[in-house]
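The values are calculated or read from the model by the stated rules, or taken from the named source; none is laboratory data. On a predicted model such as this, the values are computed, not experimentally measured, just so you know. All Cβ positions, glycine included, derive from the backbone under ideal geometry; neighbour counts span all protein chains shown. Just so you know, the surface numbers come from the protein's heavy atoms only, side chains and all, with ligands and any DNA or RNA stripped out. Shrake-Rupley method; radii C 1.70, N 1.55, O 1.52, S 1.80 Å.
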Amino acid sequence: MLLQEGVEAEKKAISLLSKLRNELQTDKPIVPLVEDCADTDLWNQHLEYQRGLLNESDGQPSWFRSPWLFVECYMYRRLHEAIIQSPPINGFDVFKESKDQNFFESQESVMALCTHLQELIRTIEDLDENQLKNEFFKLLQISLWGNKCDLSLSGGGSSSQKTNIMNSLEDLKQFILVNDMEHLWSLLSKCKKARENMSVDRVYIVLDNSGFELVTDLVLADFLLSSKLATEIHFHGKMIPWFVSDTTIHDLNWVIKQMKFCNHKWMSKCGANWENYIKVGRWVYHDHIFWTLPHEYSAMPLVAPDLYAELQKACLILFKGDLNYRKLTGDRKWDFTVPFHQALCGFHPAPLCSIRTLKAEIQVGLQPGQGEQLTALDPHWLTSGKYGVFQFDGPL
Ligand SMILES: [Mg+2]
């Protein structure tokens, strides 16, 4: 690319971005997307749907008056539009640098985790059921607390894991508000016992953030194969840069490559193993435009029937993070005690579990009085990322 060409493209992107900021800050109407992409029509149809929800006196859907889930997703989609309208930098990921930085800042934790995993794999055949279950629970909790590392919550500021998370698990247990880990264990160990030769048990992981959280998810995925609790892991990521730190295929490949070529023995071993899992198809990566649409998941059978049919092949789906939770529950103002199953509004492709630290003002499935108690104890419990859930839905 010629230097001048690049400078002109940057200028164009910056001017589109400042136009976007102005629209946002001054509560302008939400305008249709213009650049022709695979998801453009779906976005514009959804904007029409939002318009239809308003009375005539309400005017147009606008930044301050439309539902937060819709507007927040729309903002990230418009950021993407500003970049794709500015060739030759149209493949640029504006969040790449901060995602990479999060990974590098968490190096020590990553090393500790990889060392733990490799030691565990070495002795895994000797573990009894109880020990195996304990290890499963440990790695689930690491994946939960890994979800604290979210750059959209810190406004892009540092949000890495600088201390060894494994030493904190006992202290953090008190912050798990719903704990359905036992259900996950009984489901997967049942699958394992019932499995016949050559049959396949898939666990799907709908990813959230890259960097440290992604490593915790990959460690869990490795354990699920090594322990034979599953035979295939399918990851679902984002097709475009999303909510600052969300994982794309480029992030996944980058993280695995960084690990493979790093000079720490066990990290490098993990990187090499994971690359091989992908090569032989025991790990499969999927992306789909639905994950970066504003729709709640109960709309999936209608909007993305192919994706819904794909998810139905899972014996368990793990949904990581807050945005997945908001979309699972339609981002509505549910009472805290409404059952999770009910809040899913008919979205039941397979047994599923949300693994999420709380960053948005929505939580269901609590005990009577639990939400009120938490509010009295800590007014920011819903949004600080300090609390977490393992919330399961499915037949037991
Ligand atoms: Mg995220």
Those lysines that a straight Cα-Cα span of less than 18 Å connects to residue 265, excepting residues fewer than 8 apart in one chain: 257
Lysine pair number, Cα distance threshold 30 Å (strictly under), segment 115-226, separation 8 or more or different chains: 18
Gyration tensor (alpha-carbon) shape descriptor, segment 198-245, a/c threshold 1.5: oblate
Modelled FRET efficiency - R0 35 Å, residue 12 with residue 302, Cβ distances, 0.05 increments: 0.45
Radius ratio Rg over Rh of segment 2-84, counting only Cα atoms, Kirkwood formula for Rh: 1.04
Placed amide H near residue 246: partners under 5 Å, 5+ positions off or other chain: 210
Accessible area in square angstrom per residue, segment 2-84, 1.4 angstrom probe: 60 Å²
Pairwise FRET efficiency - residue 131 versus residue 173, Cβ, R0 = 22 Å, nearest 0.05: 0.75
Peptides ranked, highest mean first, by Cβ atoms within 10 Å: ranges 292-299, 145-152: 145-152, 292-299
Accessible area of the chain belonging to carbon and sulfur atoms, whole % at 1.4 Å probe: 53 percent
Segment 87-145 versus segment 199-273: alpha-carbon centroid distance in Å: 8 Å
Percentage relative contact order, the chain, counting C-alpha pairs under 8 Å, at least six apart: 17 percent
Sequence-distant aspartates and glutamates (8 or more away, or on other chains) whose Cα lies within less than 19 Å of residue 12: 23, 35, 36, 81, 93
Two-site label geometry, residue 21 and residue 199: point separation in nm, points 7 Å out along Cα→Cβ: 5.8 nm
Listed residue (263, 375, 396) projecting farthest to the positive dipole end of the chain, Cβ model: 263
FRET efficiency, residue 276 to residue 85 (Cβ-Cβ, R0 45 Å, nearest 0.05): 0.70
Vicinal HN-Hα couplings computed from phi for segment 136-142 (Karplus, 6.51 cos²θ - 1.76 cosθ + 1.60; Hz; Gly/Pro x): 4, 5, 4, 6, 4, 5, 5
Residue-by-residue Karplus 3J(HN,Hα) for segment 55-68, coefficients 6.51, -1.76, 1.60, Hz, glycine and proline x: 7, 4, 6, 6, x, 8, x, 9, 4, 8, 9, 8, x, 4
Under Karplus coefficients 6.51, -1.76 and 1.60, residue-wise ³J(HN,Hα) of segment 189-205 in Hz, glycine/proline x: 6, 5, 4, 5, 5, 7, 5, 9, 3, 6, 6, 10, 10, 9, 10, 9, 10
Ratio of Rg to Rh over the chain (Cα coordinates, Kirkwood Rh, two decimals): 0.97
Length-normalised contact order of segment 2-84 in % [C-alpha pairs under 8 Å, at least 6 apart]: 36 percent
Spacing of the two label points (7 Å from each Cα toward its C-beta) at residue 226 and residue 341, in nm: 3.6 nm
Amide hydrogen neighbours beyond the local backbone of residue 387, cut-off 5 Å, H modeled: 358
Percent antiparallel among DSSP beta bridges (both partners in the chain, rounded to 5): 25 percent
Accessible surface, 1.4 Å probe, highest first, among residues 182, 97, 232: 97, 182, 232
CD proxy at 222 nm, helix term only [per DSSP H run n ≥ 4: -39500 (n - 2.57); per residue of the chain; nearest 500]: -15000 deg cm²/dmol
For residue 285, distant residues with modelled amide H under 5 Å away: 235
Loop GluC sites (Glu not before Pro), segment 1-61, which have at most 15 other Cβ atoms in a 10 Å radius of their Cβ (DSSP): 35
Cα shape, segment 104-149, gyration tensor, a/c 1.5 rule: oblate
